[in-house]
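Below: the structure, in structure tokens.
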Amino acid sequence: MNQEALQRVPTTMRVVDAPRASDAVPRGVEIRGLTKEFAGGYIYRNFDLDLRDGEFVSIFGPNGCGKSTLINVISGLMPMDGGAVMFKGKPIAETKLSYVFQNYRDALFPWMRALGNIQYPLKLLGLDKKTRDRRVEALLAEFDIRIDLHRYPYELSGGQQQTISILRALITDPEILFLDEPFSALDYEMTLFMRERLQHVFMKRRNTMIFVSHDLEEAVQLADRVLLLTRPPTRVAEMVPVDLPWPRDAKSLSNAEFVAIKSHCLDVFSREVGRGP
Amino acid sequence: MRASADIGLKRLRGASWLGRVQPAVGPLLLLAIWWLAALTGLLNTRLIPGPGPTFATTWQALVHGTMSHDLARTLMRVLYAFAIAAGFGVPLGILIGANERVYRSVEFLIDFFRSTPSTALFPLFMLMFGLGEESKVGLAAFAAFLIIVFNVAYGVLNARKTRILAARSMGASRLRIFGDVIFLETLPQTFVGLRAGVSIALVVVVVAEMFIGGTDGMGHRIIEDQYSYNLKDMYGSLLVSGAVGYGLNYMFLLIERYFVHWAGR
Ligand SMILES: Nc1ncnc2c1ncn2[C@@H]1O[C@H](COP(=O)(O)OP(=O)(O)OP(=O)(O)O)[C@@H](O)[C@H]1O
Ligand SMILES: [Mg+2]
């Protein structure tokens, strides 16, 4: 081995080996050396990030900082230009994951009834109708949802439609659930209701949740940790832990600790945005 | 094209009693003017017979004469042409639209032939297929095919990406995405193409019957009527052909409304 090669080895070792097997925290999502470039320049350059298995992470940051890009790349919806993403030590491609889109109108299939939409992922898995029906029944029982599933999506309210897309995402019992501003097209009342629903899901399933929000209060409320991002090329501004008990109802939003965390996040955010591009 | 479809759908949904009667006002008015003009001698009834004799002759020809035979022949040709056009046009349109680069490279070709008057291709088709059915049906199929391909490809290319991403995130294969998402996503635009296609097929078949040798069909009948100065039958044939065109379009609107109930919602 020549000199140059020897020098390169430790770098590679660091990239692959960073989270040690002896870590107390079980391995969750490991992002290493993520690089993503658009025509306008680098959004991510050698970006590293660790998320724990079974934690609820909110992503918050200025417009265009790459929140959607991050979860699209992690979930494999968008190719990356460099780097690797692993979950529990396996490539993310081998992970059962689901994705909830911001725009439920464009994400649900309007030619299928609500039931058909929810069952579609199971159909892709090749499950027969009886099994599919049973799975849907179990899911509905779990969440106590009263929506007429024989209606078409366009016959349902916005909140009901987004509920259907969340059910569709949950039916496969995913290990990771990605949500990109899922409530931003809903009115306030519906948003409050959906936050409550989502916490309910999380407390039952304890799967990893990666949740993008442009609403700081919501980001703090629905998180074990809030990931604050900078402007591009994007780095982690801070990872803010939210050590409050679940569920966080409307009352807990005025709790002193909650308010303190929120205002700390706001400080970090303002500092990062104020820094300018 | 989209706009006319919307107007058509709105008409189908027409609710009030007045709303239902209104569409009949125009045709009745035209009929009244025609009738009055013939009655008062304003119209040279040797060139344009009045509505009464025209309808009487048409009825006779349809029930006891050969018009129903001609009509059936024309319809058969249109349906054959349309079936061929749709059978090839829809899959090909999906394939072309699926890949932007393919679409860009054939866009001009499709647009060019689409803009070329199909009737200008008569001699070519006669050379290739002779004077029989193949020529007439082939030319009509070709014209309808271009319109269908263009609309379907355009629809696929502009299909909203979110549903495709959603299906992909659930692990759907490319083939599944085509069948379950893109095909249905494109269906509204496909129907625009199918409707335009069936209309153009009728036009081309009727004109082809006039000029490509044959012994039957509405086009053939109309031109024969003109030669033999059988004007009442000629106008009747015109009206019947118009009614067929309208009926086909309307039928497609109904099918569309049934299958694409979600469009625009
Ligand atoms: N397909 C694309 N082509 C080119 N540039 C893109 C593309 N997608 C995203 N970008 C750019 O990458 C940057 C990050 O986009 P992204 O959508 O990830 O931001 P975001 O943080 O989700 O923003 P928002 O808060 O508005 O949702 C933006 O500047 C955007 O212009
Ligand atoms: Mg975004």
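The values are calculated or read from the model by the stated rules, or taken from the named source; none is laboratory data. These figures come from a predicted structure and were not determined experimentally. Note that we place each Cβ from the backbone using ideal geometry, even for glycine, and neighbour counts take in every protein chain shown. Accessible surface is based on the protein model in full, side chains and every heavy atom, while ligands, DNA and RNA are left aside. Shrake-Rupley method; radii C 1.70, N 1.55, O 1.52, S 1.80 Å.
Residue-wise test of (1) open to solvent by 20 Å² or more (accessible area, probe 1.4 Å); (2) at pLDDT 95 or above; (3) touching a Ser or Thr at 6+ places or on another chain (Cβ under 7 Å).
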| position | (1), (2), (3) |
| --- | --- |
| B:166 | no, no, no |
| B:170 | yes, no, no |
| B:176 | yes, no, no |
| B:179 | yes, no, no |
| B:185 | yes, no, no |
| B:196 | yes, no, no |
| B:199 | yes, no, no |
| B:207 | yes, no, yes |
| B:210 | yes, no, no |
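So residue A:248 fits all but one of (1) among the basic types (Lys, Arg); (2) on the phi > 0 side of the Ramachandran plot; (3) open to solvent by less than 10 Å² (accessible area, probe 1.4 Å); what number is the exception?
All conditions pass for residue A:248, except number (2).
Residue-wise test of (1) assigned by TED's automatic domain parsing to the domain that holds residue B:190; (2) surrounded by fewer than 17 Cβ atoms within 10 Å (Cβ to Cβ); (3) touching a residue at least 24 places away in the same chain (Cβ under 8 Å).
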{"site": "B:108", "(1), (2), (3)": "yes, yes, no"}
{"site": "B:116", "(1), (2), (3)": "yes, yes, no"}
{"site": "B:121", "(1), (2), (3)": "yes, no, no"}
{"site": "B:128", "(1), (2), (3)": "yes, yes, no"}
{"site": "B:131", "(1), (2), (3)": "yes, yes, yes"}
{"site": "B:136", "(1), (2), (3)": "yes, no, yes"}
{"site": "B:139", "(1), (2), (3)": "yes, no, yes"}
{"site": "B:142", "(1), (2), (3)": "yes, no, yes"}
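Out of the range A:113-126, which residues are more than 9 Å from chain B (Cβ to nearest Cβ) and either in contact with an Asp or Glu (Cβ under 9 Å, 6 or more places away or on another chain) or surrounded by fewer than 24 Cβ atoms within 10 Å (Cβ to Cβ) (or both)? Before you say what the answer is, go through the steps one by one.
Taking the range A:113-126 first, the residues more than 9 Å from chain B (Cβ to nearest Cβ) are A:113-119, A:122, A:126.
A:113, A:114, A:115, A:116, A:119, A:122, A:126 - these are the residues of the range A:113-126 that are more than 9 Å from chain B (Cβ to nearest Cβ) and either in contact with an Asp or Glu (Cβ under 9 Å, 6 or more places away or on another chain) or surrounded by fewer than 24 Cβ atoms within 10 Å (Cβ to Cβ) (or both).
Inspect all residues belonging to the range A:65-74 and state whether any of them is farther than 26 Å from residue A:272 by Cα, in contact with a strand residue (DSSP E or B) (Cβ under 6 Å, 6 or more places away or on another chain), within 16 Å of ligand 2 (Cβ to nearest atom) and of a type outside the set (A, V, I, L, M, F, W, C).
Scanning the range A:65-74 turns up no residue that is farther than 26 Å from residue A:272 by Cα, in contact with a strand residue (DSSP E or B) (Cβ under 6 Å, 6 or more places away or on another chain), within 16 Å of ligand 2 (Cβ to nearest atom) and of a type outside the set (A, V, I, L, M, F, W, C).
Being over 11 Å from residue A:55 (Cβ atoms) and assigned to a strand (DSSP E or B) is true for just one of A:196, A:189, A:238. Which residue is that?
A:238
Out of the residues in the range A:139-159 that are without any contact (Cβ under 8 Å) to a residue 40 or more places away in the chain and not hydrophobic (A, V, I, L, M, F, W, C), which is most open to solvent (accessible area, probe 1.4 Å)? Write out each step before concluding.
Residues of the range A:139-159 without any contact (Cβ under 8 Å) to a residue 40 or more places away in the chain: A:139-141, A:144-151, A:155, A:157, A:159.
Applying the additional criterion that residues be not hydrophobic (A, V, I, L, M, F, W, C) yields A:144, A:146, A:148, A:150-151, A:155, A:157, A:159.
Details: A:144: 90, A:146: 195, A:148: 77, A:150: 116, A:151: 101, A:155: 88, A:157: 53, A:159: 4 Å².
For the range A:139-159, the residue satisfying everything is A:146.
Report yes if residue A:104 is at pLDDT 90 or above, under 23 Å from the mean Cα position of the chain (by Cα) and either within 15 Å of ligand 1 (Cβ to nearest atom) or closer than 24 Å to residue A:221 by Cα (or both), otherwise no.
Numbers: at pLDDT 90 or above: no; under 23 Å from the mean Cα position of the chain (by Cα): yes; either within 15 Å of ligand 1 (Cβ to nearest atom) or closer than 24 Å to residue A:221 by Cα (or both): yes.
Here the answer is no, as residue A:104 does not meet what is asked.
Among the residues of the range A:30-37, is there at least one that is within 23 Å of residue A:218 (Cα to Cα) and modelled with pLDDT of 85 or more?
No, the conditions are met nowhere in the range A:30-37.
Using the structure shown, decide if residue A:63 is open to solvent by 20 Å² or more (accessible area, probe 1.4 Å), at the interface with another protein chain (Cβ under 9 Å from one of its Cβ atoms) and outside any strand (DSSP E or B).
Here the answer is no, as residue A:63 does not meet what is asked.
Does any residue of the range A:96-112 turn out to be acidic (Asp, Glu) and touching a residue at least 60 places away in the same chain (Cβ under 8 Å)? Explain how you work it out, then say what you get.
Keep residues of the range A:96-112 that are acidic (Asp, Glu), which gives A:106.
The next check asks that each one be touching a residue at least 60 places away in the same chain (Cβ under 8 Å); those that pass are none.
Taking every residue of the range A:96-112 in turn, none turns out to be acidic (Asp, Glu) and touching a residue at least 60 places away in the same chain (Cβ under 8 Å).
Going by the structure shown, is residue B:163 of a type in the set (D, E, K, R), over 22 Å from the mean Cα position of the chain (by Cα) and assigned to a helix (DSSP H, G or I)?
yes
How about the range A:66-95: which of its residues are within 15 Å of ligand 1 (Cβ to nearest atom), more than 11 Å from chain B (Cβ to nearest Cβ) and touching a residue at least 24 places away in the same chain (Cβ under 8 Å)?
A:66, A:67, A:68, A:69, A:70, A:73, A:74, A:80, A:81
For the range B:62-82, which residues satisfy the criterion of being under 25 Å from the mean Cα position of the chain (by Cα), free of Cβ contacts under 8 Å to residues at least 60 places away in the same chain and open to solvent by 70 Å² or more (accessible area, probe 1.4 Å)? Quick ask: steps written out before the conclusion?
Looking only at the range B:62-82, we keep the residues that are under 25 Å from the mean Cα position of the chain (by Cα), and these are B:62, B:66-82.
Next cut, free of Cβ contacts under 8 Å to residues at least 60 places away in the same chain only: B:68, B:72, B:76, B:79.
The answer is B:76, B:79.
Take the residues of the range A:160-170 that are hydrophobic (A, V, I, L, M, F, W, C) and open to solvent by less than 10 Å² (accessible area, probe 1.4 Å): which is nearest to the other protein chains (Cβ to nearest Cβ)? Walk me through how you get there before you give the answer.
Step one: list which residues in the range A:160-170 are hydrophobic (A, V, I, L, M, F, W, C), which gives A:164, A:166-167, A:169-170.
Among the residues that remain, those that are also open to solvent by less than 10 Å² (accessible area, probe 1.4 Å) are: A:164, A:167, A:169-170.
Working: A:164: 12, A:167: 13, A:169: 9, A:170: 12 Å.
Per the stated criteria, the residue is A:169.
For the range A:214-237, what are the residues that are open to solvent by 20 Å² or more (accessible area, probe 1.4 Å), more than 14 Å from ligand 2 (Cβ to nearest atom) and acidic (Asp, Glu)?
Across the range A:214-237, the qualifying residues are A:217, A:224.
Within 20 Å of residue B:78 (Cα to Cα) and open to solvent by 30 Å² or more (accessible area, probe 1.4 Å) - does that describe any residue in the range B:149-163?
Checking the range B:149-163: at least one residue is within 20 Å of residue B:78 (Cα to Cα) and open to solvent by 30 Å² or more (accessible area, probe 1.4 Å).
Collect the residues in the range B:45-61 that are open to solvent by 50 Å² or more (accessible area, probe 1.4 Å) and modelled with pLDDT of 85 or more, keeping them in residue-number order.
Answer for the range B:45-61, where residues must be open to solvent by 50 Å² or more (accessible area, probe 1.4 Å) and modelled with pLDDT of 85 or more: B:53, B:55, B:56, B:59, B:60.
Where in the range A:75-154 are there helices (runs of 4 or more DSSP H), lying fully within it, with 1 or more residues that are more than 16 Å from ligand 2 (Cβ to nearest atom) and under 21 Å from residue A:208 (Cα atoms)?
Filter on the range A:75-154 gives A:114-124, A:129-143.
When you check residue A:178 against the structure, is it within 16 Å of ligand 1 (Cβ to nearest atom), of a type in the set (A, V, I, L, M, F, W, C) and open to solvent by less than 30 Å² (accessible area, probe 1.4 Å), yes or no?
Against the criterion (within 16 Å of ligand 1 (Cβ to nearest atom), of a type in the set (A, V, I, L, M, F, W, C) and open to solvent by less than 30 Å² (accessible area, probe 1.4 Å)), residue A:178 qualifies.
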